[in-house]
Every structure is written in structure tokens, then in C-alpha cells.
Amino acid sequence: MRAFEAAARHSSFSDAAAELNLTPAAVSQQIRLLEQHLGIQLFRRLPRGVELTDMGQAYALPIRKSFSEIQEATEGLFTVRRKRKLRVRASISYATLILAPRLKAFHDLHPEIEIQLSTAVWSDRMDNESIDLDIRYGTGHWDERDIWQLGHEFATVVCHPDHAHAFGDPPRIHDLLGAGVVPVLGSEVEWGRLSDHFGLELPAPPVWITADSSLIALQTISAGFGAALIHESFSQSFLDRGLLVSPFEYRLPIREAYFLVAREGLREREEVEAFRNWIVGPDPVEPDMEQAPAS
């Protein structure tokens with residue numbers, strides 16, 4: 001049947017043989033056996049090539065259709081579909097501490113989507129077309145149209161357990177912060193906000209080192225010295241593993257938040273919709289661009 005279908009399509013035993021990795025003699029023999037089995041001549045042998053008889057032409061059409069249906073059924077049921085690529089960018093802290101540990105869950109739900117994850121320290125725009133989705137920190141006031149907020153953030157003071165114990169049990173926040181802090185670049189004002197929000201009357205704490213990301217700050221104080229004011233979502237894994245402690249109950253509401261931002265015109269793509277539903281939820285509340293989002 002396969003030899004007949006290929007020969008009918010090429011009008012040549014030689015070309016059919018090349019396609020099927022057989023010799024022309026083998027194809028000719030298979031066609032002859034088929035004709036003997038059916039009791040009908042399917043091809044007219046010509047000086048150059050072959051051509052279908054009327055009965056052969058009538059037989060070739062359903063045979064070709066049958067092979068096509070078999071191929072479609074096989075590919076539909078057993079062939080691994082080509083993965084769709086989704087290019088996501090996030091801050092190095094969010095990518096490392098929040099997104100990367102959760103990506104297996106997304107893969108389990110959508111194995112057909114390949115995530116290409118890149119990082120940046122600071123970003124407020126998609127400056128090239130190599131990014132489909134951006135996880136961006138700020139107020140949500142950007143030029144893009146499709147923006148969804150990823151929850152609200154609180155920050156707490158964290159430090160190494162031994163460092164906390166060095167200032168008493170429990171330690172006084174004035175003493176602990178007075179020994180030196182590790183602020184995150186761009187968030188230095190949060191120490192003053194912490195003091196004002198809770199009426200602590202804290203003096204400006206001495207800076208031991210300034211980090212350009214929460215990840216660097218967390219790794220720095222995990223070595224045993226200094227305190228940092230870090231988003232709870234970032235510090236949670238360090239607290240769970242006992243690498244850090246949060247010795248005070250003060251939870252500072254953060255005015256900014258993380259947002260998922262889609263490149264213009266990509267919102268309706270299936271992989272974008274799947275990722276958005278997974279990380280935001282199926283019915284996300286989009287930020288009011290006339291006002292800053294609530295902290």
C-alpha cells in the first residue's frame with residue numbers, strides 16, 4: 001500500500017523507491033504483488049515512468065486519504081507538540097526568591113510552554129522586543145496598557161539569630177539598628193517610614209553596606225552581622241530555614257508593589273494568558289492608573 005501510494009504520487013517507481021529507501025525493483029515487485037492480489041492493473045508501464053490506470057486513479061485517492069488520516073491521528077495522539085516560548089523578565093530578587101522556586105508548578109500545569117527567564121536590577125520599561133512579560137516594581141504608572149498587580153507587600157526587620165541575641169532577649173530595636181544596617185538601594189527612606197509609622201523615634205541608623213538588591217542584602221546579613229528591612233515575601237525562605245530571624249512584630253506597609261506587565265499586543269496570546277492566570281489569578285484586578293495602588 002505504501003509503495004503504491006508513493007508511486008502514484010510520483011508517477012515513478014524510482015522516485016517512490018528513493019522516498020521509501022527501497023530499490024526500484026523492490027517497489028515494482030510490491031506493486032506487481034498488489035495488482036495480483038486485487039486482480040486489477042493499477043499502473044501502465046511507460047518507456048519513462050508509469051501512470052495510473054483509471055482504476056488505479058480511483059484507488060489512489062482513498063488510499064492517500066487513509067494514510068493522511070493515519071498520520072494525523074498518530075501526530076495528534078503521540079507526537080510531542082512544539083513548545084511555545086514565553087520570555088519573562090523580573091528583578092533579580094523576585095526571580096530568585098519568588099519566581100524560580102514556583103516555576104515547576106507552572107511547568108506541571110503547562111508543559112507545552114517554555115519559560116525563558118531573564119533578570120534586571122532596575123527596570124521601568126521594555127526597551128527591546130526580547131521580553132514578552134515584565135515583573136516590575138513600582139506604582140504601576142507606566143506606558144503599557146496591560147498591567148496587573150501582584151498583591152501588596154509588607155516589610156520586616158530581619159537579621160542573623162546570633163546578631164539578634166547579642167542585643168538581649170528580646171533585643172531592643174534601637175540597639176539592634178544602632179549597630180548598623182544594610183539598606184537596599186532606592187529604599188533607604190523606608191527606615192524613616194518604619195520609625196514614623198510605629199512612633200519609634202529611631203535615629204537614622206548607621207549604614208554598614210548598601211546593597212543594590214534585596215537578595216544581596218539578605219545574603220550579606222546571613223553571614224552574621226547587620227539588619228535589613230526586607231519584603232516578607234523575599235525573606236520568608238531565609239526565616240523558614242533558620243538563616244535569619246525577624247525579632248520584632250513591626251510590619252511596614254509598602255507603598256509600591258510588584259506588577260505583571262505585558263508587551264503591547266501580546267495579551268491575547270495563549271501562553272501569556274496562561275502565565276497571567278497562574279501568577280495573578282483568572283480574574284485579576286487591574287490597577288487604577290489615576291491613583292497609586294494601595295499599599
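The values are calculated or read from the model by the stated rules, or taken from the named source; none is laboratory data. Being a predicted model, the structure only gives us computed values, none of them experimental. Cβ: placed from backbone, ideal geometry, glycine included. Neighbour counts: every protein chain shown. The protein model used for the area step is the full one, side chains on, heavy atoms only, and it has no ligands, DNA or RNA in it. Shrake-Rupley method; radii C 1.70, N 1.55, O 1.52, S 1.80 Å.
Okay, here's what the table says:
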{"read-out": "Positive-end extreme of charge dipole, the chain - chosen from W208, H163, L99 (charges on Cβ)", "value": "L99"}
{"read-out": "Cα lying deepest toward the dipole's positive end in segment 42-111, options Y59, I70, A90, charges on Cβ", "value": "A90"}
{"read-out": "Helix-only [θ]222 nm of the chain, DSSP H runs n ≥ 4, -39500 (n - 2.57) each, per residue, nearest 500", "value": "-11000 deg cm²/dmol"}
{"read-out": "Debye intensity ratio in log₁₀ form over the Cα atoms of segment 222-286, taken at each q of 0.11, 0.12, 0.22, 0.29 Å⁻¹", "value": "-0.47, -0.53, -0.95, -1.34"}
{"read-out": "Cβ-placed point charges (K, R +1; D, E -1), dipole of segment 1-144 about Cα centre in debye, nearest 20", "value": "400 debye"}
{"read-out": "In Å, descending, principal axis extents of the Cα set of segment 1-86", "value": "56, 23, 18"}
{"read-out": "Under the Debye formula (equal points on every Cα, no solvent term), log10 I(q)/I(0) of segment 80-223 at q = 0.15 Å⁻¹", "value": "-0.91"}
{"read-out": "About the Cα centre, charge dipole magnitude for segment 53-133 (Lys/Arg +1, Asp/Glu -1 at Cβ), debye", "value": "240 debye"}
{"read-out": "Stretch gain in nm, segment A120-R193, where the contour uses 0.36 nm per residue and the Cα spacing is subtracted", "value": "23.6 nm"}
{"read-out": "Computed lengthening from K83 to E129, 0.36 nm per intervening residue step minus Cα-Cα distance", "value": "14.6 nm"}
{"read-out": "Area accessible to solvent at K83, 1.4 Å probe radius, in Å²", "value": "100 Å²"}
{"read-out": "Most to least accessible of T220, T156, T23 (protein chains only, probe 1.4 Å)", "value": "T23, T220, T156"}
{"read-out": "GNM result for the chain, Cα springs below 10 Å: residue of V272, V207, V27 fluctuating most strongly", "value": "V27"}
{"read-out": "Positive minus negative residues near F67 (Lys, Arg vs Asp, Glu; Cβ under 13 Å)", "value": "-1"}
{"read-out": "Gain upon complete extension [D143, L239; 0.36 nm per residue less C-alpha separation]", "value": "30.9 nm"}
{"read-out": "Within-11-Å neighbourhood charge of W278 [Cβ basis; K, R +1; D, E -1]", "value": "-1"}
{"read-out": "Using alpha-carbon coordinates, inclination of helix 270-279 to the longest axis of the chain, degrees", "value": "30 degrees"}
{"read-out": "Local net charge near R89, Cβ-Cβ under 10 Å (Lys/Arg +1, Asp/Glu -1)", "value": "0"}
{"read-out": "Average Cα contact separation per residue, segment 83-154, under 8 Å, 6 or more apart, as relative contact order %", "value": "42 percent"}
{"read-out": "Solvent-accessible area of E112 with every protein chain in place, 1.4 Å probe, in Å² to the nearest 10", "value": "60 Å²"}
{"read-out": "Residues in segment 44-62 reached by a label modelled at E19 [backbone nitrogen below 13 Å; 7 Å Cα→Cβ]", "value": "60-61"}
{"read-out": "Descending Cα extents along the principal axes, segment 30-143, whole Å", "value": "79, 28, 22"}
{"read-out": "Only Lys, Arg (+1) and Asp, Glu (-1) charged, at Cβ; the chain dipole about Cα centre in debye", "value": "1680 debye"}
{"read-out": "Dipole of the chain, positive end: most advanced residue of L38, A274, G192 [Cβ charges, Cα centre]", "value": "L38"}
{"read-out": "Alpha carbon convex hull of segment 86-157, projected area averaged over orientations, nm²", "value": "5.9 nm²"}
{"read-out": "Helix axis angle, 54-78 relative to the chain longest principal axis, alpha carbon, degrees", "value": "20 degrees"}
{"read-out": "Share antiparallel - DSSP beta bridges, the chain, percent rounded to 5", "value": "60 percent"}
